Amino acid sequence: MKVTVVTLMGTDLPENLREKGLPWAYKVTSYDGSTMIFETGSEAAQHANHLHREHRAANGLYNDRGE
């Protein structure tokens, strides 16, 4: 599985975020299938990056060159 970031809009938005008046939110799905929803794209991107780096470290890879 891979880390994904999806933009949620309209009826895909959780009700609590629609009540806040947010036009969209971002759902991050991790390698294990768990999801988290963020109000901003920057938070979602940071979390996705964190998940990716954590997964690489767990597999003995510490940078993008495989070292």
Legend entry - Residues within the stretch 31-67 that are modelled with pLDDT of 95 or more and touching a helix residue (DSSP H, G or I) at 6+ places or on another chain (Cβ under 8 Å), tallied: 4
Legend entry - Ala44 surrounded by 10 or more Cβ atoms within 10 Å (Cβ to Cβ), small (Gly, Ala, Ser) and in contact with a Phe, Trp or Tyr (Cβ under 9 Å, 6 or more places away or on another chain): yes
Inset, instruction - Report whether or not Arg53 is surrounded by 11 or more Cβ atoms within 10 Å (Cβ to Cβ) and in contact with a Phe, Trp or Tyr (Cβ under 9 Å, 6 or more places away or on another chain). - result: yes
Legend entry - Candidate set: the stretch 34-65, residues that are acidic (Asp, Glu) and assigned to a helix (DSSP H, G or I); chosen: the one nearest to Asp12 (Cα to Cα): Glu43
Inset, instruction - Kindly check whether there is at least one residue in the stretch 16-38 that is surrounded by 12 or more Cβ atoms within 10 Å (Cβ to Cβ), over 15 Å from the mean Cα position of the chain (by Cα) and of a type outside the set (Lys, Arg). - result: yes
Inset, instruction - Return only the number of the condition from (1) more than 21 Å from Arg56 (Cβ to Cβ); (2) part of a loop (DSSP other than H, G, I, E, B) that Arg18 does not satisfy. - result: (2)
Legend entry - Subset of the stretch 1-15 (residues that are part of a strand (DSSP E or B) and either touching a Lys or Arg at 6+ places or on another chain (Cβ under 6 Å) or over 23 Å from Asn59 (Cα atoms) (or both)): Val6, Thr7, Leu8, Met9
Legend entry - Hey, Tyr31 in a strand (DSSP E or B), in contact (Cβ under 8 Å) with a residue 12 or more places away in the chain and of a type in the set (Ser, Thr, Tyr) or not: no
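The values are calculated or read from the model by the stated rules, or taken from the named source; none is laboratory data. The model shown is predicted, which means the values in this text are computed figures rather than measured ones. Quick reminder, even Gly has a Cβ in these numbers, built from the backbone with ideal geometry, and neighbours come from all protein chains shown.
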